[in-house]
Amino acid sequence: MVRLACPEEAHGTLHVVQRGHERRACFSSGGDRTTYLGVLRECTARTGCAIHAYALMGNHVHLLLTSERKRGPARLMPAIAARYARYLALEYGHERPVWEEPYDATPVYTRAQMLSCMRYIEENPVRAGLAPHPAAYRWSSHRANALGEDDPLVTPHAHYCSLGRSPQARRAAYAALFVTKRISSANGRGTHP
């Protein structure tokens, strides 16, 4: 499950995309998504990875993460895949592969890249027609990052924290990135990473 072309260095931040096998759906219900998030939370704790942003789509998952150790994602992604596959087997009798191999991981280096990637991930459900606005989609980190809702999975990155001195200031500055993006898109100037 490892993508060798991507450096998985300690303290490196990566945008990871895990796609369903043959682009098939990975989640059939809210219960599946809830289980996946629980598995993700447990596996990140064991592998020393911190999640900064995520979106669970129908046939893929976006994660923005930083690992304390070298090759953290190489430990994290197979652990998630195995645990979630066991859940599907027990719940539905599912025996086929769930995920494509390898996962895709792209390094994120700068503050601008980080904030752009967070926005890209959290706007993915809107682009897919699953929600009218990121805050309306339950299965992403947007409510934690922009609205301050409790999400034990989300760990703020230093670049996110640099948006303001207080949690309220950071959330307001982060939420403003989405308003600015919508205005720019309406004027024909919207971009994504």
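The values are calculated or read from the model by the stated rules, or taken from the named source; none is laboratory data. As the structure is a computational prediction, the values presented were derived from the model and not from experiment. In this analysis, Cβ positions are derived from the backbone assuming ideal geometry, glycine residues included, and neighbour counts consider all displayed protein chains. Calculation scope for accessible area: heavy atoms of the full protein, side chains included, ligands and nucleic acids excluded. Shrake-Rupley method; radii C 1.70, N 1.55, O 1.52, S 1.80 Å.
Tabulated data
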item	result
Meets criteria (polar (S, T, N, Q), outside any helix (DSSP H, G or I) and closer than 16 Å to THR155 by Cβ) for THR66	yes
Residue selected from segment 109-122 under the condition touching a helix residue (DSSP H, G or I) at 6+ places or on another chain (Cβ under 6 Å) and open to solvent by 20 Å² or more (accessible area, probe 1.4 Å), by the criterion farthest from ALA79 (Cα to Cα)	ARG111
Unique match (being modelled with pLDDT of 95 or more, open to solvent by 60 Å² or more (accessible area, probe 1.4 Å) and touching a helix residue (DSSP H, G or I) at 6+ places or on another chain (Cβ under 9 Å)) among ARG170, ARG143	ARG143
Residue among LEU163, LEU177 that alone is surrounded by 14 or more Cβ atoms within 10 Å (Cβ to Cβ), within 17 Å of ALA55 (Cβ to Cβ) and more than 17 Å from the chain's Cα centre (by Cα)	LEU177
Of all residues in segment 89-100 being within 15 Å of GLU22 (Cβ to Cβ) and of a type in the set (Asp, Glu), the one that is most open to solvent (accessible area, probe 1.4 Å)	GLU95
Meets criteria (within 27 Å of GLY58 (Cα to Cα), hydrophobic (A, V, I, L, M, F, W, C), surrounded by fewer than 18 Cβ atoms within 10 Å (Cβ to Cβ) and modelled with pLDDT under 95) for ALA186	yes
First in segment 144-173 and more than 13 Å from MET114 (Cα to Cα) and aliphatic (A, V, I, L, M), second anywhere and part of a helix (DSSP H, G or I) and open to solvent by 70 Å² or more (accessible area, probe 1.4 Å), Cβ under 7 Å, 6 or more apart	LEU153/ARG41
Enumeration of residues in segment 109-148 that are in a loop (DSSP other than H, G, I, E, B) and of a type in the set (Gly, Ala, Ser)	ALA128, GLY129, ALA131, SER141, GLY148
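Per-residue answers, yes or no, for (1) open to solvent by 20 Å² or more (accessible area, probe 1.4 Å); (2) assigned to a helix (DSSP H, G or I):
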site	(1), (2)
GLU8	no, no
HIS11	yes, no
VAL17	no, no
VAL39	no, yes
ALA45	yes, yes
TYR84	no, yes
TYR87	yes, yes
PRO102	yes, no
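Quick grid of which residues meet (1) among the hydrophobic types (A, V, I, L, M, F, W, C); (2) at pLDDT 90 or above:
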{"residue": "ALA55", "(1), (2)": "yes, yes"}
{"residue": "LYS70", "(1), (2)": "no, no"}
{"residue": "PRO73", "(1), (2)": "no, no"}
{"residue": "LEU76", "(1), (2)": "yes, yes"}
{"residue": "ILE80", "(1), (2)": "yes, yes"}
{"residue": "TYR84", "(1), (2)": "no, yes"}
{"residue": "TYR92", "(1), (2)": "no, yes"}
